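Asks: Pasting a structure below so you can have a look.
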Amino acid sequence: MEVGQEIGQKAHLLFPGGVRIDEEPWQHAEAVARTAVLMSDARVPAIFEAAFEYDGIRIRVDVLERLGRDAWGLREVKSSTKLKDHYVDDLALQAFVLRGAGVAVPSIELVHVNSGYVRGPDGICWSDFFARLHVRGCLGECARKFERTIRS
């Protein structure tokens, strides 16, 4: 298994009770429909690989975390130890699609490897292994650029 995929699977442990969308990439319409069903089920605290489409743009969200009745958190999982410029572009595009699809996303985070983590004698503590960086404030100009580009 690729390191990035393994990191992504381990990040699921941060969201107990989450449900994975298993449809293949070419089954996007089915994945979107399944995502909608899970979003309407208040018992589902998180959706892994949630699928959306807006204005011809298709995305999969690493983790869509339920924050409240009609509010969700966008969580992008990366195997790196810090925020990189292209992550901002990716998150801004995902936020644009989610907003266009009518999903309220008041919180956007990069979930990445905590560079200060040291494994203890009892094994890996996954909640300490990962760091969660709030990045919503970093996306403003990038999101506006996407909107201008798509609208032109």
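The values are calculated or read from the model by the stated rules, or taken from the named source; none is laboratory data. Quick caveat: nothing in here was measured; it's all calculated off a predicted structure. Every residue, glycine among them, receives a Cβ derived from its backbone with ideal geometry; neighbour counts consider all protein chains shown.
Asks: Would you pick out the residues in region 56-95 that are out of contact with any strand residue (DSSP E or B) (no Cβ under 8 Å at 6 or more places or on another chain) and within 27 Å of Gly116 (Cβ to Cβ)?
Replies: Answer for region 56-95, where residues must be out of contact with any strand residue (DSSP E or B) (no Cβ under 8 Å at 6 or more places or on another chain) and within 27 Å of Gly116 (Cβ to Cβ): Lys84, Asp85, His86, Val88, Asp89.
Asks: Check off (1) surrounded by 13 or more Cβ atoms within 10 Å (Cβ to Cβ); (2) assigned to a loop (DSSP other than H, G, I, E, B) for Pro16 and give me the number that stays unchecked.
Replies: Failed condition: (1).
Asks: Run down Ile59, Ile7 and say which single residue is surrounded by 13 or more Cβ atoms within 10 Å (Cβ to Cβ), touching a residue at least 60 places away in the same chain (Cβ under 8 Å) and either among the polar types (S, T, N, Q) or not in a loop (DSSP other than H, G, I, E, B) (or both).
Replies: Being surrounded by 13 or more Cβ atoms within 10 Å (Cβ to Cβ), touching a residue at least 60 places away in the same chain (Cβ under 8 Å) and either among the polar types (S, T, N, Q) or not in a loop (DSSP other than H, G, I, E, B) (or both) holds for just one of Ile59, Ile7, which is Ile7.
Asks: Give me the residue from region 19-59 that is touching a helix residue (DSSP H, G or I) at 6+ places or on another chain (Cβ under 6 Å) and of a type in the set (Gly, Ala, Ser) and, out of that set, nearest to Thr81 (Cα to Cα).
Replies: In this case the residue turns out to be Ala50.
Asks: Looking only at region 106-120, which residues are part of a strand (DSSP E or B) and within 22 Å of the chain's Cα centre (by Cα)?
Replies: Matches in region 106-120: Pro106, Ser107, Ile108, Glu109, Leu110, Val111, His112, Val113.
Asks: I would also like to ask the following. For region 41-94, how many residues meet the condition of being closer than 25 Å to Ile150 by Cα, basic (Lys, Arg) and modelled with pLDDT of 95 or more?
Replies: Adding up the residues that qualify gives 3.
Asks: I would also like to ask the following. I'd like to verify a number: residues in region 19-44 that are touching a strand residue (DSSP E or B) at 6+ places or on another chain (Cβ under 9 Å), loosely packed, with under 11 Cβ neighbours inside 10 Å and of a type in the set (Gly, Ala, Ser), how many?
Replies: Of the residues in that region, 1 qualify.
Asks: With Asp41, Asp90, Asp22 as the choices, which residue is over 30 Å from Gly123 (Cα atoms), in a loop (DSSP other than H, G, I, E, B) and either without any contact (Cβ under 8 Å) to a residue 60 or more places away in the chain or within 14 Å of the chain's Cα centre (by Cα) (or both)?
Replies: One residue alone meets the criteria, Asp41.
Asks: Looking at this structure, is Ala131 at pLDDT below 95 and either part of a strand (DSSP E or B) or within 24 Å of Glu6 (Cβ to Cβ) (or both)?
Replies: Judged against the criteria, Ala131 is a match.
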